[in-house]
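Asks: Here's a structure for you.
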Amino acid sequence: MSVKPQYRPFVDRLIELAIAEDIGDGDHTSLCCIPDTEYGRMRLLCKESGILAGVEIAEIVFRRLDSDVKFEPLLSDGVRVEPGDVAFYVSGRLRTLLQAERIVLNIMQRMSGVATRTAVYVERLKGLHTKVLDTRKTTPGMRVLEKMAVEIGGGANHRIGLFDMILLKDNHIDFAGGIENAVRGAREYLRRTGRNLPIECEVRTLDDIGRVFAAGGVDRIMFDNFTPEMTREAVKLVGGRCETESSGGITLETLRDYAECGVDFISVGALTHSVRALDMSLKAVE
């Protein structure tokens, strides 16, 4: 997949920060022992089974450091890899390759870990219409890359941040004085500002669903910490009038139980908040 236009500014800023924090005023190790005129070649070697993610970002990193590098992708984002698979070769100045090494590995190992975990959840929902969503429980600064990795793994993205959806959660509702006030306030805000944003509202009881529609309705209702039995009843109460989402305490083991209740989406923070990196290396080759 290619970087979405709305993601590119975040990606560029992240790469700039990664370069600044790692290289600072110079890679003095390489500067002291590697002549600027020396060229070489490296390969990205996969050392563990999983879903590959971050190849496109790796090329952006290399070209940001040196536009003259030769990047030769052998595998694309989203493919399943096994130990011994080579994702790409890259050729260029040795100093450039050494400067990019850790930045590229950090990004690709993290993204591949997210994509690999997401693919497990997606497989658990096979045959059902329910989609698994990510959340905002992401590594600060790396949210866009982690959300890209969720898509690469077959999942879907929830909102990017606070700016691209109105999501009325429990604290908003309590501070606003109830669901009716929160929903009406959201609808009025969009009318007043001329914005076209989807509205989602969290509900904590079955009775809350009626309150949402009494206030004018929303684009999606989130069932927060419902049991599967409550979820099945909630889907019936919504009756297709808007999208539905389950969230809160849902594990891989219970995922399909909730999906079989008929919800459209299930959001899972575990796709991104505690992922183990996929093992890979970036080494010199002849």
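The values are calculated or read from the model by the stated rules, or taken from the named source; none is laboratory data. Remember, predicted model here, so these are calculated numbers, not experimental data. For neighbour counting, all protein chains shown are included, and Cβ atoms are generated from backbone atoms with ideal geometry for every residue, glycine included. Each accessible area value is taken on the protein alone, full model and side chains, heavy atoms only, with ligands, DNA and RNA left out. Shrake-Rupley method; radii C 1.70, N 1.55, O 1.52, S 1.80 Å.
Asks: Output the qualifying pairs, or none if there are none: Cβ atoms under 6 angstrom, residues six or more apart or on different chains, first residue in the stretch 269-284 and closer than 27 Å to residue 158 by Cα and in contact (Cβ under 8 Å) with a residue 12 or more places away in the chain, second residue polar (S, T, N, Q) and crowded, with 17+ Cβ neighbours inside 10 Å.
Replies: Correct list of pairs: 269/135; 271/118; 272/138; 277/109; 278/109; 278/112; 278/116.
Asks: Would you confirm whether any residue within the stretch 219-235 is closer than 26 Å to residue 114 by Cα, touching a His at 6+ places or on another chain (Cβ under 9 Å) and acidic (Asp, Glu)?
Replies: So far as the stretch 219-235 goes, no, none of its residues is closer than 26 Å to residue 114 by Cα, touching a His at 6+ places or on another chain (Cβ under 9 Å) and acidic (Asp, Glu).
Asks: All but one of (1) in a helix (DSSP H, G or I); (2) touching a helix residue (DSSP H, G or I) at 6+ places or on another chain (Cβ under 7 Å) hold for residue 32; which doesn't?
Replies: (2)
Residues are listed down the side, and each one gets a yes or a no for (1) within 17 Å of the chain's Cα centre (by Cα); (2) among the hydrophobic types (A, V, I, L, M, F, W, C):
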| residue | (1), (2) |
| --- | --- |
| 14 | yes, yes |
| 23 | no, yes |
| 39 | no, no |
| 67 | no, no |
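Asks: Given the conditions (1) of a type in the set (Asp, Glu); (2) open to solvent by 30 Å² or more (accessible area, probe 1.4 Å); (3) within 25 Å of residue 261 (Cα to Cα), which single one is not true for residue 134?
Replies: With respect to (1) of a type in the set (Asp, Glu); (2) open to solvent by 30 Å² or more (accessible area, probe 1.4 Å); (3) within 25 Å of residue 261 (Cα to Cα), residue 134 is out only on (2).
Asks: What are the pairs with Cβ atoms under 8 angstrom where one residue, in the stretch 59-86, is at positive phi and the other, located anywhere, is among the β-branched types (Val, Ile, Thr)? Sequence gap at least six, or different chains.
Replies: Pairs found: 78/51; 78/152.
Asks: Let me ask you something else. Looking only at the stretch 236-246, decide whether some residue is under 25 Å from residue 147 (Cβ atoms), open to solvent by less than 60 Å² (accessible area, probe 1.4 Å) and touching a residue at least 40 places away in the same chain (Cβ under 8 Å).
Replies: Yes, there is a match, as at least one residue in the stretch 236-246 is under 25 Å from residue 147 (Cβ atoms), open to solvent by less than 60 Å² (accessible area, probe 1.4 Å) and touching a residue at least 40 places away in the same chain (Cβ under 8 Å).
Asks: Okay, next question. Quick check on this structure: which one of 139, 116 is part of a loop (DSSP other than H, G, I, E, B), open to solvent by 20 Å² or more (accessible area, probe 1.4 Å) and of a type in the set (Val, Ile, Thr)?
Replies: None of the others qualify; the one that does is 139.
Asks: If you don't mind, another one. Name the single residue that is farthest from residue 173 (Cα to Cα) among those in the stretch 204-234 being aliphatic (A, V, I, L, M), surrounded by 19 or more Cβ atoms within 10 Å (Cβ to Cβ) and in contact with a strand residue (DSSP E or B) (Cβ under 8 Å, 6 or more places away or on another chain).
Replies: Selected residue: 234.
Asks: Only one of these conditions is not met by residue 207: (1) charged (D, E, K, R); (2) touching a residue at least 12 places away in the same chain (Cβ under 8 Å); (3) under 25 Å from residue 257 (Cβ atoms). Which number is it?
Replies: Going through the list (1) charged (D, E, K, R); (2) touching a residue at least 12 places away in the same chain (Cβ under 8 Å); (3) under 25 Å from residue 257 (Cβ atoms), residue 207 breaks only (2).
Asks: Of the numbered conditions (1) buried (at least 19 other Cβ atoms within 10 Å of the Cβ); (2) under 23 Å from the mean Cα position of the chain (by Cα), residue 97 fails exactly one; give the number of that condition.
Replies: Residue 97 satisfies all of (1) buried (at least 19 other Cβ atoms within 10 Å of the Cβ); (2) under 23 Å from the mean Cα position of the chain (by Cα) except (2).
Asks: Could you please find all residues in the stretch 28-48 being among the aliphatic types (A, V, I, L, M) and surrounded by 14 or more Cβ atoms within 10 Å (Cβ to Cβ)?
Replies: 34, 42, 44, 45
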